[in-house]
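Participant: Sending over a structure as structure tokens; questions will come in a sec.
The values are calculated or read from the model by the stated rules, or taken from the named source; none is laboratory data. The model shown is predicted, which means the values in this text are computed figures rather than measured ones. When we count neighbours, we look across all protein chains shown, and the Cβ atoms used for this are built from the backbone with ideal geometry, even at glycine. With ligands, DNA and RNA removed, areas are computed over all heavy atoms of the protein, side chains included. Shrake-Rupley method; radii C 1.70, N 1.55, O 1.52, S 1.80 Å.
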Amino acid sequence: MFAIIAAKDLRELTRDGRLLWAGGLVVMLMLLALGAGWNRQVQLNSERSAGQALDYDAWLHQGYRHPHDAAEQGMHVFKPEPSLAVFDPGIGPFVGSTVWLQAHRQSEVKFRPAQDATGLQRFGELSPAWLLQVLLPLLIIVIGFNSVSDERERGTLRQLLSLGAPARSLLFGKAAALASCVGILIAPVGLAFAVLIVVHLPAGERVDVVYRIAWLAAGYGLYLGFFVFLTLAVSALARSSRAALVLLLGFWVAATLIAPRTASEATNLLYPTPSRLDFDDQLARDVADAGRKAWSTHFGARTQWDPSVPLSKWGAALKVDDEAGYGALDENFGRLWDTFERQQRAQGWVGLVAPVVALRGFSMGLAGTDFSQHRDFSTAAEAQRRKIQNIVSEDLIEHADRLGNAHFTYKAGPELWASVPQFKYQLPSVSFALAHHWASLALLAVMFCLSVALAQYALSRPLMR
Amino acid sequence: MQPRPLPTLSLIVLHEARILVRDRTLLLVCCVLALMVGYGLFVGLAQATLRDRMVAQVLKHEQETQTANSGMLQSVLAGQTALIPFSNPANPAAMAGTLSGRYATMLNAPLAALAIGQSDMMPNYYRITYLSKVQFMYDTEIENPWNLLSGHFDLAFVIVFVLPLLVTTLGYNLLSAEREHGTLRLLCSQPLSIATLMTGKVVVRMLALLAIVIPVPLVVLLLIRPEARGAEQLVLMLLWSALVAAYTLFWFAVAALVNTVGLSSSTNALIMVALWTILVLILPVTMNLAVGLVSPAPSRTELANRTRVATAESLREYEDLYSADYRYASDPEALLVKNERIEVPSRMRAFFLAKQKVDERIEPLLKRFDQQLLQQQKLVDRLSLLSPAILINEALTSIAGTDSHRFLAFKDQTEAFHQEWRQYFSPRILESRAMTIRDLSSLPRWHWIEMPASEISWSIWWRVILMLALASVLGSLALARSSRLSIE
Amino acid sequence: MLDAIEVTKQFGAKRALDNVSLSVLPGEIYCLLGANGAGKTTLVNLFLNFLQPTSGSLQIGKLDVVRQPLETKRLLAYIPEQVTLYGVLSGLENLAFFSSIAIGEHLPRQRLLELLEAAGLPRQAADDRVATYSKGMRQKVGIAIALAKNAKALLLDEPTSGLDPSAANEFSELLVKASNDGVTVLTTTHDLFHAKQTGTRIGIMKQGRLVEELRSEEVSHADLEALYLQHMKS
Ligand SMILES: Nc1ncnc2c1ncn2[C@@H]1O[C@H](COP(=O)(O)OP(=O)(O)OP(=O)(O)O)[C@@H](O)[C@H]1O
Ligand SMILES: [Mg+2]
């Protein structure tokens, strides 16, 4: 019974112009997005890894130099693009990719692509994830809004039910038909893309990416399933096809377009982001306080330039100064980043009315393009900077010179440079992402179950009428 | 009472108004719109206030640093303070760098609350020191990237995205409802053309929407933002109103045209939503992609590489200065001002010169990048003609002064000022001239030169005209088709 | 007054009207008979310019229907089979709206009430919402609209279908009264009895053609019925 209904519905849907046009458009856009994303990623990654290698090479061959001046030249590190960023660029356009690790300043990740883009960027990024999150639910609504109501209006529903078709098979048959329409559109492209990505990866990273893809498929399956059942439920509950359409479109607009913006405004009020000026001021004050304390305990001096601290002690002094700052840096940046994460977590609750918010977080997380993974990179880069700084200070302590005021004539050589390891950043594994985003997945599952229950209730009602 | 002849159009308008009021759709739609406009305006005002406060804070900071510097300088010259090489205001290299309290700031445009645009991402102030451009020009305002991605719920969003949907709600069944309901037959047996009928229906709905979306924000702005009351601002407000009206008209024309095809209400709703999706959602993101492909953004990796090379070269070039004798810690007397001269520590001189050199070396590359970005923006300006949503968005942000153009201008002016700042100190550092009290008050001052208002209003006028032309083409097409519409 | 001249109407491959010529003189009541799908409604729609003829032309009072749609509509009133009005407005408000469009001026309330009364709508129903009306009541508002217009010609498409017998009778009386005042009437119907009773002339249509035209006083009821059935069979 179930299969017969599914087959009949599928035939009806495929004969309808709606699926052909809307589906064709979605597939075309999907291919376009994948092609452009892939192209960009290949280019970026090769550029960045080449840049990284060149940079380290230059570090090694910088010749003889005072270690502190070497730290002035510093090192550039580049954030590698996770391979699934093609699928979901996430916050990528709005965070930087490059850090210049220099002495004495917390490195910030710079060069946000959105800064180099025009105002158009704010309309959104054409990515496969965007298509699946925003356009596919619309497609489901457009092809499915009258799947029950139309049968009722034409009287075929009475006929079917009088023939003894159970409401349950009617529901799942229709759901299967709708879902397979969506499946026909995205499965081939998705599968081909997944294979392409996995094949291009080094063997070591393959398993991780396969897991990520599987989890992504589960998340998107729940999300699209939610829309399938919601559409059927509304189609059965509404008075007419027209009412069903208007209701569903209204929900779509509110949930995918308006809710994310409203949510981010609201959480901004709840957990305000500091302005740069405030943040910088606070940071400078904390660093200075920590520095002053450290100076007086270690050297009994009030300032760094106190005559009682000879230049020969510069290495030790630098070390004290830097280490005093670490705490303040960690605290301030930690607080800022915690605010960001808290804001995002608060928005998770909006997922209860607008599942796209939950899915978006989950999708970015699994694609490796969310904030927690960006934070992980920033932390790694900062750790590298401290490593350089510490090596430099240690060297200066070791060579506590007797040069007096000619302290800066001291030159370190290639052995010191080589003692700084190359920056190697390993993207966090899938378990890192899951640990951050399991709640979103659970939420999606709950929403899915709710929609199934609603649809079952809705379809059992025409029997009573 | 003497019966008085009435033009049919006004009859239809009155009648429609009554019907819409009675069946409550209009009330509902207007309430939704009023709520959203109010909220969007609130968000815009909050952001504008935030940025106003930031600039005020920066200026206060600047003032304080200046006072502190001159106080310090006085006591240094009087020999009352222990000397520290990096914070000695008599030392021009310190003044140019760590002690500099100079900021380049850009004030909000008076109508900033109307659209947030790029203002949540682009800085509206830069701290000016002798540091290289690469070090300070890429700082951004702090904002949660997730929120940047979501976008703001500002008035521009309400107008560009939501307003067409509300137009759709009111207009998808302009004629189809009358036909499905059966009243169209009776109406059309009267001496009444469908064109008049449709015009009347559109006029009522449009007036209702515009009566909320236009006056509310303008009145609120005029009331709480005194700077919005100038003549120039009034012209901009007029432009803004014309723009919003033209965009609304465009969508009503689309609805009318769709209705003259003679399909069912459901189909009309589907077509309208499809058109909205294509024009407002798909076209802009596709064009964003296209712009990136046709005119790619400059490679920041290349910039990083060039920066490294330039830094290494200048370190090498000034190696002697970097490793010169450093006796200031043990011999603070060396930092005293003598005959208006001061010994600038050679390492500090080296920093100054090296940064300057880095910028000189990188300049051609940055020029090329700026060129590329400008190219991109030009392309967008041209492409915006293809999508009413982009057209309107660009125009709304440019009225609010939060568009890319204005931020690019700010960046350009800041670069020029940075240059001026360095040039002021360069001879003093090279010739070891000490800073005097008089010097402190004659430091280069920042002046933001606002973009010419005539240029802005001209570019918006022709967008308005374009929008109106588009709307009237569609509208007359709809009117022409309506005479051939089968009533069946 | 109402003239169809060699009118043909084609819907794709289907010929709904085939070279129909018909002329209704001022003051006449012309009844069109014919099986379902014979083309009666199509002809009425052509007079209203709801449809355009594939060939031939239609005139109302010597004005071409296609070329002067607004002018011809000023001359005629139309009552569809199903009178549908604005449900959220009262019968009176509906009448006020349609009549003001029809004649370009507002009629005073008193006059509107008179019109409704003349059409047979109970006085107390005039201010109720039309959504609460029965089919017959709506029909009566439709008649009132036609009356308000003071039209020279009336086009009616099965006006009495769904009306109770007494209402149908009242309606027929109204028609006769109108025609006595010089109004031209073209009505379609399936009711042979009423056609004979009220019509001055009767036309029988079959598969898009006008196959018979006769004066009602020339035939008896029985003859008319026999003639009609004979046409339908052959
Ligand atoms: N819009 C249309 N498109 C296609 N065919 C049509 C259309 N309107 C009418 N027809 C066809 O034209 C023919 C005449 O239809 P019409 O409605 O004029 O018949 P009728 O005489 O009014 O019938 P009834 O007595 O049932 O009202 C029918 O065969 C019908 O199928
Ligand atoms: Mg008929």
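Residues checked against (1) in a helix (DSSP H, G or I); (2) closer than 28 Å to B:E141 by Cβ; (3) within 7 Å of chain B (Cβ to nearest Cβ); (4) of a type in the set (K, R):
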residue	(1), (2), (3), (4)
A:N45	yes, no, no, no
A:R48	yes, yes, yes, yes
A:A53	yes, no, no, no
A:D57	yes, no, no, no
A:A70	yes, no, no, no
A:P89	no, yes, no, no
A:E151	yes, no, no, no
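Participant: On to the next question. Is one or more of the residues making up the range C:50-59 open to solvent by 40 Å² or more (accessible area, probe 1.4 Å) and either part of a helix (DSSP H, G or I) or within 10 Å of ligand 1 (Cβ to nearest atom) (or both)?
Facilitator: No: zero hits.
Participant: For B:V216, state whether it is surrounded by fewer than 20 Cβ atoms within 10 Å (Cβ to Cβ) and more than 22 Å from the chain's Cα centre (by Cα).
Facilitator: On the way: surrounded by fewer than 20 Cβ atoms within 10 Å (Cβ to Cβ): yes; more than 22 Å from the chain's Cα centre (by Cα): no.
Spelling it out, it is not the case that B:V216 is surrounded by fewer than 20 Cβ atoms within 10 Å (Cβ to Cβ) and more than 22 Å from the chain's Cα centre (by Cα).
Participant: Residues in the range A:384-401: is at least one in a helix (DSSP H, G or I), open to solvent by less than 30 Å² (accessible area, probe 1.4 Å), modelled with pLDDT of 75 or more and touching an Asp or Glu at 6+ places or on another chain (Cβ under 7 Å)?
Facilitator: So far as the range A:384-401 goes, yes, one or more of its residues are in a helix (DSSP H, G or I), open to solvent by less than 30 Å² (accessible area, probe 1.4 Å), modelled with pLDDT of 75 or more and touching an Asp or Glu at 6+ places or on another chain (Cβ under 7 Å).
Participant: Name every residue in the range B:145-159 that is within 15 Å of the chain's Cα centre (by Cα), more than 9 Å from every other protein chain (Cβ to nearest Cβ) and either surrounded by fewer than 23 Cβ atoms within 10 Å (Cβ to Cβ) or closer than 26 Å to B:L20 by Cβ (or both), in order of residue number.
Facilitator: B:L155
Participant: With the requirement that a residue be open to solvent by 10 Å² or more (accessible area, probe 1.4 Å), near ligand 1 (Cβ under 9 Å from one of its atoms) and more than 15 Å from the chain's Cα centre (by Cα), what does the range C:17-49 give you?
Facilitator: Answer for the range C:17-49, where residues must be open to solvent by 10 Å² or more (accessible area, probe 1.4 Å), near ligand 1 (Cβ under 9 Å from one of its atoms) and more than 15 Å from the chain's Cα centre (by Cα): C:A35, C:N36, C:G37.
Participant: Report every pair of residues separated by at least 6 positions or lying on different chains whose Cβ atoms are under 6 Å apart, first residue within the range C:39-63 and over 9 Å from C:K9 (Cβ atoms), second buried (at least 19 other Cβ atoms within 10 Å of the Cβ) and among the β-branched types (V, I, T).
Facilitator: C:K40/C:T188; C:N49/C:V65; C:L58/C:V65; C:I60/C:T72; C:L63/C:T72
Participant: Residues B:S70, B:S119: which one is assigned to a loop (DSSP other than H, G, I, E, B) and open to solvent by less than 40 Å² (accessible area, probe 1.4 Å)? Before the answer, list the steps.
Facilitator: Details: B:S70 fails: assigned to a loop (DSSP other than H, G, I, E, B).
Unique residue meeting the criteria: B:S119.
Participant: Applying the selection to the range C:18-51, what residues are within 14 Å of chain B (Cβ to nearest Cβ) and away from ligand 2 (no atom under 16 Å from the Cβ)?
Facilitator: C:N49
Participant: Would you point out which residue out of B:P226, B:P296 is surrounded by fewer than 21 Cβ atoms within 10 Å (Cβ to Cβ), away from every other protein chain (no Cβ under 14 Å) and not aromatic (F, W, Y)?
Facilitator: Values: B:P296 fails: away from every other protein chain (no Cβ under 14 Å).
Answer to the check: B:P226.
Participant: Pairs please, first residue from the range C:188-205 and over 8 Å from C:C31 (Cβ atoms), second anywhere and of a type in the set (D, E) and within 16 Å of ligand 2 (Cβ to nearest atom), Cβ atoms under 8 Å, 6+ apart in sequence or on different chains.
Facilitator: C:H190/C:E158
Participant: Could I ask something else about it? Tell me, which residue of the range B:458-488 that is farther than 30 Å from B:L263 by Cα and surrounded by fewer than 17 Cβ atoms within 10 Å (Cβ to Cβ) is nearest to the other protein chains (Cβ to nearest Cβ)?
Facilitator: Among those that are farther than 30 Å from B:L263 by Cα and surrounded by fewer than 17 Cβ atoms within 10 Å (Cβ to Cβ), it is B:S459.
Participant: Among the candidates B:A34, B:A48, single out the residue that is over 30 Å from B:R341 (Cβ atoms), at pLDDT 90 or above, away from every other protein chain (no Cβ under 12 Å) and open to solvent by 40 Å² or more (accessible area, probe 1.4 Å). Even if it seems obvious, please write down each step before you answer.
Facilitator: Working: B:A48 fails: open to solvent by 40 Å² or more (accessible area, probe 1.4 Å).
Just one listed residue meets the conditions, B:A34.
Participant: Oh, and also: Out of A:L13, A:L54, A:L31, A:L19, report the one residue that is under 27 Å from B:I271 (Cα atoms) and open to solvent by 50 Å² or more (accessible area, probe 1.4 Å). So that I can check it myself, show each step before the final result.
Facilitator: Numbers: A:L13 fails: open to solvent by 50 Å² or more (accessible area, probe 1.4 Å); A:L54 fails: under 27 Å from B:I271 (Cα atoms); A:L19 fails: open to solvent by 50 Å² or more (accessible area, probe 1.4 Å).
Criteria check complete, one pass: A:L31.
Participant: Of the residues that make up the range A:159-172, is at least one within 30 Å of B:F161 (Cβ to Cβ) and touching a residue at least 24 places away in the same chain (Cβ under 8 Å)?
Facilitator: no
Participant: Considering every residue within the range A:240-250, establish whether at least one is open to solvent by 20 Å² or more (accessible area, probe 1.4 Å) and under 30 Å from B:Q47 (Cα atoms).
Facilitator: For the range A:240-250, residues open to solvent by 20 Å² or more (accessible area, probe 1.4 Å) and under 30 Å from B:Q47 (Cα atoms): present.
Participant: Could you go through the range A:261-279 and let me know if any residue there is in a helix (DSSP H, G or I), closer than 20 Å to A:R461 by Cβ and within 13 Å of chain B (Cβ to nearest Cβ).
Facilitator: Let us first name the residues in the range A:261-279 that are in a helix (DSSP H, G or I), namely A:261-270, A:276-279.
Filter once more, so that each one left must be closer than 20 Å to A:R461 by Cβ: none.
There is no residue in the range A:261-279 that is in a helix (DSSP H, G or I), closer than 20 Å to A:R461 by Cβ and within 13 Å of chain B (Cβ to nearest Cβ).
Participant: With respect to the numbered conditions (1) at pLDDT 90 or above; (2) over 18 Å from the mean Cα position of the chain (by Cα); (3) open to solvent by 10 Å² or more (accessible area, probe 1.4 Å); (4) assigned by TED's automatic domain parsing to the domain that holds C:T184, which one is the sole condition not fulfilled by C:V7?
Facilitator: (3)
Participant: Here's something else I'd like to know. Taking the residues in the range C:147-174 that are more than 16 Å from ligand 2 (Cβ to nearest atom) and under 10 Å from the mean Cα position of the chain (by Cα) as candidates, determine which candidate is surrounded by the fewest Cβ atoms within 10 Å (Cβ to Cβ).
Facilitator: Here the residue is C:A153.
Participant: Out of the residues in the range A:429-444 that are surrounded by 19 or more Cβ atoms within 10 Å (Cβ to Cβ) and within 14 Å of the chain's Cα centre (by Cα), which is farthest from A:S378 (Cα to Cα)?
Facilitator: The initial filter retains those residues of the range A:429-444 that are surrounded by 19 or more Cβ atoms within 10 Å (Cβ to Cβ), namely A:430, A:433, A:436-437, A:440-441, A:443-444.
From what's left, within 14 Å of the chain's Cα centre (by Cα): A:430, A:433, A:436-437, A:440.
On the way: A:V430: 18, A:A433: 16, A:H436: 17, A:H437: 20, A:S440: 24 Å.
It comes out as A:S440.
Participant: Residues that are within 20 Å of B:R300 (Cβ to Cβ): which helices (runs of 4 or more DSSP H) entirely in the range B:363-450 hold 1 or more of them?
Facilitator: On the way: elements: B:388-400, B:404-430, B:437-441.
Qualifying helices (runs of 4 or more DSSP H): B:404-430.
Participant: Conditions first: (1) touching a helix residue (DSSP H, G or I) at 6+ places or on another chain (Cβ under 9 Å); (2) at pLDDT 75 or above. A:N405 passes all but one, so which condition is the exception?
Facilitator: (2)
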